[in-house]
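Take a look at the structure below.
The values are calculated or read from the model by the stated rules, or taken from the named source; none is laboratory data. Note that this is a predicted model, so its numbers are computed, not measured. Note that we place each Cβ from the backbone using ideal geometry, even for glycine, and neighbour counts take in every protein chain shown. Calculation scope for accessible area: heavy atoms of the full protein, side chains included, ligands and nucleic acids excluded. Shrake-Rupley method; radii C 1.70, N 1.55, O 1.52, S 1.80 Å.
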Number of protein chains: 2
Amino acid sequence: MTPDDLILVSVDDHVVEPPTMFDQHLPAAVRSNAPRMVRKKDGSDVWVWGGEQIPNLALNAVVGRPPEEYGMEPTSYEQLRPGTYDIHERVRDMNANGMLASLCFPSFPMLCGERFYKHADRQVAHTVLQAYNDWHIDEWCGSYPGRFIPLALVPLWDPQLMAAEVRRAARKGCHAVSFTESPDAHGLPSLHDPHWDPFWKACVEEGTVICIHIGTGSGMKFSSMDAPVDVMITVQPIACVNCAADLLWSRVLKEFPTIRIAMSEGGIGWMPYFLERADYVHQHHSAWTHQDFGGKKPSDVWREHMIVCFIDDAIGVKNRHAIGIDTITWECDYPHSDTTWPRSPEILWRSLEGVPDAEIHKITHENALRVFRLDPFTHRPREQCTVAALRAESPDVDLALRSQGGKPPAADRRPVTTSDILRQLATVYGSAPE
Amino acid sequence: MTPDDLILVSVDDHVVEPPTMFDQHLPAAVRSNAPRMVRKKDGSDVWVWGGEQIPNLALNAVVGRPPEEYGMEPTSYEQLRPGTYDIHERVRDMNANGMLASLCFPSFPMLCGERFYKHADRQVAHTVLQAYNDWHIDEWCGSYPGRFIPLALVPLWDPQLMAAEVRRAARKGCHAVSFTESPDAHGLPSLHDPHWDPFWKACVEEGTVICIHIGTGSGMKFSSMDAPVDVMITVQPIACVNCAADLLWSRVLKEFPTIRIAMSEGGIGWMPYFLERADYVHQHHSAWTHQDFGGKKPSDVWREHMIVCFIDDAIGVKNRHAIGIDTITWECDYPHSDTTWPRSPEILWRSLEGVPDAEIHKITHENALRVFRLDPFTHRPREQCTVAALRAESPDVDLALRSQGGKPPAADRRPVTTSDILRQLATVYGSAPE
């Protein structure tokens, strides 16, 4: 086997929504209350909704730019690689990276639809959220059957409405939904609260996977203002250990025996430690904390419910059996700065040395296809799904890095700090639409 | 080699200060302003200082109690195993566990002396802190030469005074000092600020190791109020990844090339992931974040400076070369609830299967003795330092678990939550001294 023979399914990528996204999916009565794209005098593009502007058009969607420009937030469509927002270009970019299928998280609605939850008019928010799901499932993913795992957003403010949306999306063939790693960080009941039971129940009954992306709790994990920004970039994925622990000890895994939860972008190399630690805590402390896993170890229960993923994680692949070989999936993170695009097959291959073919297949696509219920092979024969076959379909994709300009977060060569980044974001968020 | 042949040096244990600790170490003028031990009407013992009572006599010092009582905070000396506060009983308990040497963190001053920093009268606080160090170095550790690695506390409010105390302690043979994982969490400049340079400089010049214990930032890592308390217990050690990242990317490691920092109670199994992640971040992002390790990888620089430790961590030992075999040490955590006492040799042995003897020696004692500058073999021949030899010295230590009563945090068998634990702590802190 060579990198050319891999079949790659990525369970964590991102779509930048195109300006036309609501054109086909909203009732006429709501259209005037929907988000619309506005070009400002300074040339930047922002979504405007309910009197507010939403400027993170494409937070961190820097793919295709030279690394020297990674810190400069894209502020207009011109600065973006078209594959970020154009479905046909996206599929060509996937082909160029030998990638068969992709699950795409949203951009302007925020990773689990927090934007809709924050909107003042909840009736409007609900209608727009449903339009978002219709666009995402029918238009974005629906344009290329077998190439995408659709991901629905849910109205976080009402578990009954969430359940209904899970069921509506499932009827459209969507069996993944985005949720927060910490509802209490958004002023909602914690995930230990029975408040959420209608949502868990709907997911279980519809066979829908709950995807929890890093950064959906209290946002970015900044250290002190004068800390190098690299601190945040380093700890952002592993910070989901807090949510992992919340889930592991919660009543949710115990009372919903077939619930499936995906940790998105959390990495995997730290998990053998985490699971060993949980088993140690259970052995040492359950006599007084009264935790009862019915004779199983916490790590056993984890493996029954959880799906995890990695971008580039040699130590995690090495310790794959301490994690659970049937729980591991892979992600590309296109178009964010941590992506391995367009050299994913080659970069991933470095971690796969010595891994038996059967286990490679589980990690690269079988686990993802099984859990997320996608069957691409009904749409194209398996031999046309490999890295080599897909790359051969789009041999003309331009992979050259392209400078898009923009103002660097720090003017000189000193290390970029938290406060440099916050200042840059404040500039983006600062001026009113014109 | 068998568990009997191990030589065990623990770099993280805890002392519960005895009521007599200040008797010999304070100038007469300050004695009336010093902390004193008061027995309350309800039978509990508290330190009283400057009009405040300090009731965590012995936070979590539950060694020797049945696990069913771990949640019940000891509130009086009678509830404690004497080895927690009596140096002669401590050494007998160490012998019973086959443990040659120990580094002890404080209890009532809090882990890095935050108690002194919070005291209103800083002149008094400074004098009492120095008395604490004198007691700890001369009386506690000094009673059994070669059996203890002394650990000094420093006046966190003044880097010049900190530097002076580092030098004073070094002259007394103490080459370890306790510091916080997050000074900014205490309202002080972050560790990225040159503010701390006099302290770093003194540590470098005196060959003093800076020990950073978990929980010295913003305290315990509680999740939501209704979360099972097991969540906190599980993530408390790995939460030090935030401090680890702060240190790794800081100017401190770059500008003080011989500085040595110990991560205390953080575990090790997650570190291969952390170091791989840091190298990935450096490779992907340094072009715009301007981090410069002079051609080295961040993980190389980490290994030059850091000392790490574990209680029971099979996956960490398995991946020891991805961590750095010369950086790993072991800890017992006596008398806290996570301790493996009195079966540490047998429990540790399970993780050591297949590890060459030379590497076992590094992990169990050689790394600790080298970095912390202790030479026990000048005080007793090496063959009298093994588990078997030490156990033979105190064959009569009573290892039976002993119930000490106390009120459980939750009255029924439901899982104990964050709010149960906070309510219990509030009770302890609640009533005034009588």
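Annotations
- The residues neighbouring A:Pro18, those whose beta-carbon lies less than 10 Å from its own, together hold a net charge of -4 under the Lys/Arg +1, Asp/Glu -1 convention.
- In nm, spacing of pseudo-spin labels at A:Val48 and A:His361 (7 Å Cα→C-beta vector): 5.5 nm
- Using a 7 Å Cα-to-Cβ projection, B:Glu393 label spacings across copies, nm, ascending: 7.2
- Percent antiparallel among DSSP beta bridges (both partners in chain B, rounded to 5): 30 percent
- Scanning chain B for the beta carbon that comes closest to the axis linking it by rotation to A yields B:Trp270, 2, distance in whole angstrom.
- Global form of chain B, assessed from the alpha-carbon gyration tensor, a/c cut-off 1.5: rounded
- Partner shielding of A:289-296 amounts to 4, given as the average count of beta-carbon atoms from other chains within 10 Å of each residue beta-carbon.
- Note on A:Val204: accessible area is roughly 40 Å² with a 1.4 Å probe, heavy atoms of protein only.
- Proximal aspartates and glutamates relative to B:Lys41, as straight alpha-carbon distance under 13 Å, when same-chain residues fewer than 8 apart are discounted: B:Glu434
- Shape of the range A:202-328, Cα gyration tensor, a/c cut at 1.5: prolate
- Remark: for residue pairs B:Lys118/B:Lys407; B:Lys118/B:Lys221; A:Lys254/B:Lys221; A:Lys221/A:Lys318, the C-alpha separation exceeds 26 Å in B:Lys118/B:Lys407; A:Lys221/A:Lys318.
- The range A:260-360: GluC sites (Glu not before Pro) in DSSP coil with no more than 15 other Cβ atoms inside 10 Å: A:Glu353
- Length released on extending from A:Asp412 to A:Asp300, taking residue separation times 0.36 nm less the Cα-Cα span: 35.2 nm
- Take each residue in A:263-275, count the other chain C-beta atoms within 10 Å of its C-beta, and the mean is 5.
- For trypsin sites (Lys or Arg not before Pro), the sites in the range B:40-91 that DSSP calls loop and that have at most 10 other Cβ atoms within 10 Å are B:Lys41.
- Sparse-neighbour loop sites [trypsin sites (Lys or Arg not before Pro); the range B:339-432; at most 13 other C-beta within 10 Å; DSSP]: B:Arg402, B:Arg413
- Inter-label distance, nm, simple model (7 Å from Cα along the C-beta direction), A:Asp4/A:Leu425: 4.5 nm
- Between copies, the label points of B:Pro189, set 7 Å from Cα on the Cα→Cβ line, lie 4.8 nm apart, reported in increasing order to one decimal in nanometres.
- What separates the A:Ala287 label point from its copies, with the point 7 Å along Cα to Cβ, is 5.7 nm, written shortest first.
- Residue-averaged 222 nm ellipticity for chain B, from DSSP H runs of 4+ at -39500 (n - 2.57), nearest 500: -9500 deg cm²/dmol
- Per residue accessible area in Å² of the protein assembly as shown, where ligands, DNA and RNA are left out and the probe is 1.4 Å: 35 Å²
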